[in-house]
Every structure is written in C-alpha cells, then in structure tokens.
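See structure below.
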Amino acid sequence: MLVERDLAVLEFEAAWWQYSEPKDRAIREHLGISATRYYQVLRRLLDDPAAESIDPLTVRRLRRVRDLAKQRRISRRLPGGTPVS
C-alpha cells in the first residue's frame with residue numbers, strides 16, 4: 001500500500017515537465033522534499049507492484065530507462081563490449 005507521499009511522487013514524475021522551473025526546484029516547491037529524497041522514493045517505487053498498478057505507464061517507462069542505463073554501464077566495463085543504443 002502506498003502512502004500519500006508515494007502517490008505525490010508518482011503524480012509529480014508523470015507531469016514534472018509541465019513546471020516552468022528546473023526539476024529539482026519544482027520537487028522542493030511542490031513536494032516539500034529534497035531532490036535526493038525524491039529520487040530515493042522514486043527508485044523504491046519502481047519495484048513496488050502497488051506503484052505499477054496505480055501508474056503503470058510512468059513506472060514502466062522509468063524501469064526501461066533504469067535498465068538501459070544499467071546495460072550501458074555493464075557494456076562499458078566489459079572488454080570489447082558494444083554500447084547499447
């Protein structure tokens with residue numbers, strides 16, 4: 001079960017681009033938490049089935065971004081690794 005802050009983080013992440021200020025400032029102003037805390041909560045939510053059931057598009061999009069970044073980090077470490085595009 002998600003708490004109110006978790007829901008607010010999901011809602012914000014789905015629409016942060018609509019705010020005129022930089023994302024870190026918008027996080028502070030609209031959620032009242034630091035950007036560091038925001039990303040900690042968001043990372044935890046990516047693996048929470050309740051979060052996926054509430055906002056599947058946002059959660060799945062962020063999982064894809066996370067997985068692609070992980071693949072790129074791994075390919076850079078491997079000798080002769082080909083970059084993932």
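The values are calculated or read from the model by the stated rules, or taken from the named source; none is laboratory data. Just so it is clear, the model here is predicted, and its values are computed rather than measured. Cβ sites come from the backbone with ideal geometry, for glycine too, and all protein chains shown count toward neighbours.
Observations on the model:
- Within the range 12-40, residues that are farther than 24 Å from Leu57 by Cβ have Cβ atoms under 8 Å from residues that are of a type in the set (Val, Ile, Thr) and surrounded by 11 or more Cβ atoms within 10 Å (Cβ to Cβ) in these pairs: Ser34/Ile27, counting only partners at least 6 apart in sequence or on another chain.
- Residue in the range 37-54 that is surrounded by 11 or more Cβ atoms within 10 Å (Cβ to Cβ), at pLDDT below 95 and among the hydroxyl-bearing types (Ser, Thr, Tyr) present: no
- Pairing residues of the range 65-77 that are without any contact (Cβ under 8 Å) to a residue 24 or more places away in the chain and within 14 Å of Arg43 (Cα to Cα) with residues that are aliphatic (A, V, I, L, M) and loosely packed, with under 11 Cβ neighbours inside 10 Å, at Cβ distances under 8 Å and at least 6 apart in sequence or on separate chains, gives no pairs at all.
- Looking only at the range 45-54, and only at residues there that are in a helix (DSSP H, G or I) and more than 9 Å from the chain's Cα centre (by Cα), the one that is nearest to Val9 (Cα to Cα): Ala51
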